[in-house]
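Quick notes on the structure that follows.
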Amino acid sequence: MRNYRFNRQRGRAGTRPGEFAGPAAADPRLLRERMARQLQARGISAPDVLSAVKAVPRHLFVQEALAAQAYEDTPLPIGHGQSISQPYLVALMSELLQLKPGMRVLEIGTGSGYQAAILAALGCTVFTVEHLRDLYRNASSLLRNLGFRTIYPHLGDGTLGLPDAAPFDRIIVTACGPEIPEPLVDQLDENGILLVPVGSRTRQNLKRLRKTGGRLTLEDLDPVVFVDLVGVHGR
Ligand code: SAH
């Protein structure tokens with residue numbers, strides 16, 4: 001696993017930059033180990049996913065004022081009406097993608113960059129698209145500062161995919177629209193998996209689409225709650 005740069009420098013009073021102090025100032029590594037145990041108790045079993053959760057400093061992906069809640073199993077606001085998904089959902093989706101190191105993964109909805117970081121920690125090359133400039137900028141600089149070299153952030157409408165970088169082994173959509181965006185199906189490689197929430201604002205289901213021998217099969221998975229997927233093929 002990578003040696004993340006944030007571990008090296010110490011700030012004032014012995015805290016590291018971006019780290020929280022006070023009564024809740026337990027070692028983030030211990031908090032992540034506890035979170036991984038809780039995810040395991042909820043049914044996440046893939047060892048590589050649990051290792052990725054233990055490796056990525058989620059507290060740096062949320063606003064400083066919320067850092068003390070970063071290792072609770074809850075979504076948190078990241079500004080602009082958007083949120084970082086709850087850790088269980090990130091872990092579940094990462095597991096459902098059946099990733100292998102070296103795979104090319106497209107993520108729609110960069111948000112905080114946390115899901116992209118987990119995918120990269122799983123050894124994948126990650127192309128991630130965000131349509132809000134501020135979030136795109138923040139996530140890009142955070143991921144760069146943390147030393148991620150296999151994540152390529154893009155600004156734009158992710159419902160159009162990234163034709164220039166296609167095809168992808170895996171595609172994950174972390175916002176919910178009324179239907180599966182057609183360009184994403186087209187940009188999925190043979191033997192690929194596309195994971196996408198679909199539905200209304202109040203009723204959403206995770207769907208897993210596989211492309212095998214040029215044929216598509218669709219599985220209906222868990223009910224979920226995501227923010228809106230906007231754009232040409234979104235809401
Ligand atoms: N994966 C993110 C979750 C972000 S929430 C994380 O780990 O933090 C969903 C994100 O999708 C929001 O940031 C929202 O702005 C973005 N989004 C919504 N519609 C989009 C579109 N058409 N293209 C790109 N990003 C979109």
Note on the range 97-122: residues among the small types (Gly, Ala, Ser), under 20 Å from SER45 (Cα atoms) and either in contact (Cβ under 8 Å) with a residue 60 or more places away in the chain or out of contact with any strand residue (DSSP E or B) (no Cβ under 6 Å at 6 or more places or on another chain) (or both) are ALA117, ALA121
Taking the range 111-145 and keeping only residues that are within 6 Å of the ligand (Cβ to nearest atom) and in contact with a Phe, Trp or Tyr (Cβ under 8 Å, 6 or more places away or on another chain), one is left with SER112, TYR114, GLU130
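If the requirement is being assigned to a strand (DSSP E or B), closer than 18 Å to VAL105 by Cβ and away from the ligand (no atom under 13 Å from the Cβ), which of these qualifies: LEU216, LEU206, LEU195?
Working: LEU216 fails: closer than 18 Å to VAL105 by Cβ; LEU195 fails: away from the ligand (no atom under 13 Å from the Cβ).
Selected residue: LEU206, the only one of LEU216, LEU206, LEU195 that is assigned to a strand (DSSP E or B), closer than 18 Å to VAL105 by Cβ and away from the ligand (no atom under 13 Å from the Cβ).
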Of the listed residues (GLN40, GLN63), the one being open to solvent by 50 Å² or more (accessible area, probe 1.4 Å), within 16 Å of the ligand (Cβ to nearest atom) and out of contact with any Pro (no Cβ under 6 Å at 6 or more places or on another chain) is GLN63
Restricted to the range 68-93 and to residues being assigned to a loop (DSSP other than H, G, I, E, B) and more than 9 Å from the ligand (Cβ to nearest atom), the residue most open to solvent (accessible area, probe 1.4 Å) is GLU72
Within the range 44-67, residues in contact with a Leu (Cβ under 8 Å, 6 or more places away or on another chain), in contact (Cβ under 8 Å) with a residue 24 or more places away in the chain and not in a helix (DSSP H, G or I) come out as ILE44, PRO57, VAL62
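Report yes if GLY156 is free of Cβ contacts under 8 Å to residues at least 60 places away in the same chain, more than 12 Å from the chain's Cα centre (by Cα) and open to solvent by less than 20 Å² (accessible area, probe 1.4 Å), otherwise no. Before the answer, list the steps.
Working: free of Cβ contacts under 8 Å to residues at least 60 places away in the same chain: yes; more than 12 Å from the chain's Cα centre (by Cα): yes; open to solvent by less than 20 Å² (accessible area, probe 1.4 Å): no.
Here the answer is no, as GLY156 does not meet what is asked.
Which of the residues spanning the range 166-182 are open to solvent by less than 30 Å² (accessible area, probe 1.4 Å) and over 18 Å from LEU216 (Cα atoms)? Give the steps one after another, and end with the answer.
Of all residues in the range 166-182, those open to solvent by less than 30 Å² (accessible area, probe 1.4 Å) come to 168, 170-177, 181.
Result: THR174, ALA175, CYS176, GLY177.
Kindly evaluate PHE226 against the criterion of being among the aromatic types (Phe, Trp, Tyr), closer than 18 Å to PHE127 by Cβ and either at pLDDT 95 or above or out of contact with any His (no Cβ under 7 Å at 6 or more places or on another chain) (or both). It would help to see each step written out before you state the result.
Values: among the aromatic types (Phe, Trp, Tyr): yes; closer than 18 Å to PHE127 by Cβ: no; either at pLDDT 95 or above or out of contact with any His (no Cβ under 7 Å at 6 or more places or on another chain) (or both): yes.
When the stated conditions are applied, PHE226 does not pass them.
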Legend entry - Condition check for ARG58: within 14 Å of the ligand (Cβ to nearest atom) and basic (Lys, Arg): yes
When (1) in a loop (DSSP other than H, G, I, E, B); (2) open to solvent by less than 30 Å² (accessible area, probe 1.4 Å); (3) at negative phi are applied to PRO163, the one that fails is (2)
Evaluate the range 120-129: report whether one residue or more is assigned to a helix (DSSP H, G or I) and buried (at least 22 other Cβ atoms within 10 Å of the Cβ).
yes
LEU96 fails exactly one of (1) more than 9 Å from the ligand (Cβ to nearest atom); (2) under 21 Å from LEU184 (Cα atoms); (3) open to solvent by 60 Å² or more (accessible area, probe 1.4 Å), namely (3)
So, first residue without any contact (Cβ under 8 Å) to a residue 24 or more places away in the chain and within 20 Å of SER51 (Cβ to Cβ) in the range 76-93, second residue near the ligand (Cβ under 9 Å from one of its atoms) and of a type in the set (D, E, K, R), Cβ within less than 8 Å, six or more apart or across chains; the pairs are none
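The values are calculated or read from the model by the stated rules, or taken from the named source; none is laboratory data. It should be emphasised that the depicted structure is a prediction, and the values quoted were computed from it without experimental measurement. Neighbour counts run over all protein chains shown; Cβ positions are idealised from the backbone, glycine included. Remember, those area values only see protein heavy atoms, side chains included, never the ligands or the DNA or RNA. Shrake-Rupley method; radii C 1.70, N 1.55, O 1.52, S 1.80 Å.
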